[in-house]
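Structure, as structure tokens:
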């Protein structure tokens, strides 16, 4: 049986001021009419039922996620009391799944990617599921053919091809951390490197065995949490044990050490929507080269990304390459060339104690 684990705990600070602590990127309608998390769940229709779906998030977001995803059973939401990165989150989900189905196959997906078309995505997942079903010790990931030398993604170096039907599939030679610019250019020129999509398919038993080998202390804490699930002090146990878990990503904990890892070359379009400029890339521009959402009037302005709400009019006159985001209590005006500093702005707001704007 195929289960879905959706990772929905990110903070999305690059999308401030729309993204806030109580309503981060995955809960926003950044592209299209549905929020990022709703679009992710929609994409699973026919692959994994709501009853076979787990949402791993922060405890503070569980209620809002339940409102957005009424079709997903309430018990499917795992609310972490603190952030401990992806490996503990995935391990906790795998423990829950293995309790009810020791032979389960899991797909692990971020909640905030744009993937199209749905049919190609589902075909890739089914191909990965088949690969795992035929050899349960396999780990399958999905590589995105790079369109430019990105420094913000990890890379997958492919090895020998597999002679199988479906999308091109290769043994993984190794995983590479986010590179500097020159190294990224080398990866793209080489032709044997993919962007790491952060999506995986594996059996619950295989990932749990790998985590037991690499992170035994973490697994001991997580098993204590699962064992207390039906006890009155469950939340107290969860908070105590999870706080003692070592933060580590699934890439560092497992993927960089795992054997028998395969990469399927993605036949679908993929965008991790990592910054405001992704909105222009996905939504396109008007005849003046601007991308806008909400009421916007442009005069002699080009290359701007403008977002407004509640009928608030934003007028741009004689400006170019700006990010302008208006919300009821905060407005951002930034150069597109300096959007990496938005995270620093959020830190500055936090340092000033302006919690109402976070």
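Could you go through the range 227-236 and let me know if any residue there is buried (at least 21 other Cβ atoms within 10 Å of the Cβ) and not in a loop (DSSP other than H, G, I, E, B). Lay out the reasoning, then the answer.
So the first thing to find is which residues in the range 227-236 are buried (at least 21 other Cβ atoms within 10 Å of the Cβ), and the list is none.
Within the range 227-236, not a single residue is buried (at least 21 other Cβ atoms within 10 Å of the Cβ) and not in a loop (DSSP other than H, G, I, E, B).
Selection over the range 147-162 of residues that are closer than 10 Å to residue 194 by Cα and out of contact with any helix residue (DSSP H, G or I) (no Cβ under 7 Å at 6 or more places or on another chain) gives a count of 5. The residue pairs whose first member lies in the range 45-60 and is within 22 Å of residue 88 (Cα to Cα) and not assigned by TED's automatic domain parsing to the domain that holds residue 77, whose second member is at pLDDT below 95 and surrounded by fewer than 22 Cβ atoms within 10 Å (Cβ to Cβ), and whose beta carbons are closer than 7 Å, counting only pairs six or more residues apart or on different chains, do not exist in this structure.
Scan the range 198-212 and give yes if some residue there is assigned by TED's automatic domain parsing to the domain that holds residue 140, in a loop (DSSP other than H, G, I, E, B) and surrounded by fewer than 20 Cβ atoms within 10 Å (Cβ to Cβ), otherwise no.
Keep residues of the range 198-212 that are assigned by TED's automatic domain parsing to the domain that holds residue 140, which gives 198-212.
Among the residues that remain, those that are also in a loop (DSSP other than H, G, I, E, B) are: none.
No, that holds for no residue.
Considering only residues that are assigned to a helix (DSSP H, G or I) and over 16 Å from residue 11 (Cβ atoms), which ones fall in the range 342-358? The answer is 351, 356. Residue count for the range 324-334 satisfying the condition of being within 17 Å of residue 279 (Cα to Cα) and touching a helix residue (DSSP H, G or I) at 6+ places or on another chain (Cβ under 9 Å): 3. Is there a residue being in contact with a helix residue (DSSP H, G or I) (Cβ under 7 Å, 6 or more places away or on another chain), assigned to a helix (DSSP H, G or I), surrounded by 19 or more Cβ atoms within 10 Å (Cβ to Cβ) and in contact (Cβ under 8 Å) with a residue 12 or more places away in the chain anywhere in the range 288-306? The answer is no, given that none of the residues of the range 288-306 is in contact with a helix residue (DSSP H, G or I) (Cβ under 7 Å, 6 or more places away or on another chain), assigned to a helix (DSSP H, G or I), surrounded by 19 or more Cβ atoms within 10 Å (Cβ to Cβ) and in contact (Cβ under 8 Å) with a residue 12 or more places away in the chain.
Just to be sure, is residue 140 buried (at least 21 other Cβ atoms within 10 Å of the Cβ) and in contact with a strand residue (DSSP E or B) (Cβ under 7 Å, 6 or more places away or on another chain)? It is true that residue 140 is buried (at least 21 other Cβ atoms within 10 Å of the Cβ) and in contact with a strand residue (DSSP E or B) (Cβ under 7 Å, 6 or more places away or on another chain). Quick check on the range 311-323. Is at least one of its residues touching a helix residue (DSSP H, G or I) at 6+ places or on another chain (Cβ under 8 Å) and within 13 Å of residue 17 (Cα to Cα)? Yes, that holds for at least one residue.
Of all residues assigned to the range 174-197, none qualifies as being within 23 Å of residue 98 (Cα to Cα) and either part of a strand (DSSP E or B) or more than 24 Å from the chain's Cα centre (by Cα) (or both).
Table: residues versus (1) over 21 Å from residue 107 (Cα atoms); (2) touching a helix residue (DSSP H, G or I) at 6+ places or on another chain (Cβ under 6 Å); (3) surrounded by fewer than 22 Cβ atoms within 10 Å (Cβ to Cβ).
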position	(1), (2), (3)
10	no, no, yes
16	yes, yes, no
25	yes, yes, no
34	yes, no, yes
39	no, no, no
42	no, no, yes
46	no, no, yes
51	no, no, yes
58	no, no, yes
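Taking the criterion of being part of a strand (DSSP E or B) and surrounded by 14 or more Cβ atoms within 10 Å (Cβ to Cβ), the residues of the range 161-173 that qualify are 169, 170, 171, 172, 173. Among the conditions (1) touching a strand residue (DSSP E or B) at 6+ places or on another chain (Cβ under 7 Å); (2) over 16 Å from residue 253 (Cα atoms), the only one that residue 185 does not satisfy is (1).
With respect to (1) in contact (Cβ under 8 Å) with a residue 12 or more places away in the chain; (2) surrounded by fewer than 18 Cβ atoms within 10 Å (Cβ to Cβ); (3) under 30 Å from residue 138 (Cβ atoms), the lone exception for residue 259 is condition (1). Among residues belonging to the range 71-108 that are within 19 Å of the chain's Cα centre (by Cα) and free of Cβ contacts under 8 Å to residues at least 40 places away in the same chain, point out the one that is surrounded by the fewest Cβ atoms within 10 Å (Cβ to Cβ). Among them, the one singled out is 79.
The values are calculated or read from the model by the stated rules, or taken from the named source; none is laboratory data. Since we're looking at a predicted model, the values are computed, not measured. Virtual Cβ from ideal backbone geometry, glycine too; neighbours counted across all protein chains shown.
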